[in-house]
Amino acid sequence: MNRQKFRLDYDTFDQILAIYDQGDVETALQRFNALANSTASPKLARDAGLGEICCRLILANSRESYATAIGLWHNFAVLAKENGYMLDPALLDPLIAHMIPQNLVERDGLQSPLASSSASGGAASPAESDQKTEEQRLKAEIAALKKKTKQVDDLQQQLDQALDENQSLKEKIKALEAIDQIIQKKKTEIAEPSE
């Protein structure tokens, strides 16, 4: 019933969601904001507001813009909890995929699926997005394993050097003991004739 009453607004929301899914987050932000402020449907206003918040979180490029987006999110979450709103997971999926931990970005050079799909100019299907996410996870694991393998190789080399040095020291000790025995034998030979 609600969808029929606000059919044009729902169609507009679906179009904006398609733009958002394609990775054109800046355009989606503007359109979500406009729809949230113009629709008479409280549900659509909430969904468009949530879309705007997700866009702002994705586009945040400074501490201030991120803090503003987080503030909007907290306000929305409080209202959602108080009023029993249901959140639309379609709006959160690209946001969550975009938020790769910074240590993986710095260490392994990973990109978010959203960034890679917008760079290629096309929208990734959910299966492609899942595959890209899995590929990135596997690449991260491979990079971590390569790093650990290098560490194991380095440790093995250090161990081999330590063993070689240990063997060399044992041989030197045996040579010194042999020299010491010869010296002790000569001392006893020298001491005996004088008696």
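Some observations on this one:
- Extreme residue, nearest to residue 71 (Cα to Cα), among residues of the range 19-48 that are under 27 Å from the mean Cα position of the chain (by Cα) and free of Cβ contacts under 8 Å to residues at least 40 places away in the same chain: 29
- Unique residue being loosely packed, with under 10 Cβ neighbours inside 10 Å and free of Cβ contacts under 8 Å to residues at least 60 places away in the same chain when the list is 192, 165: 192
- In this structure, residue 141 does satisfy being surrounded by 10 or more Cβ atoms within 10 Å (Cβ to Cβ), closer than 30 Å to residue 66 by Cβ and modelled with pLDDT of 55 or more.
The values are calculated or read from the model by the stated rules, or taken from the named source; none is laboratory data. Please read all numbers here as calculations on a predicted model, not as lab measurements. Note: ideal-geometry Cβ built from the backbone for every residue, glycine included; neighbour counts use all protein chains shown.
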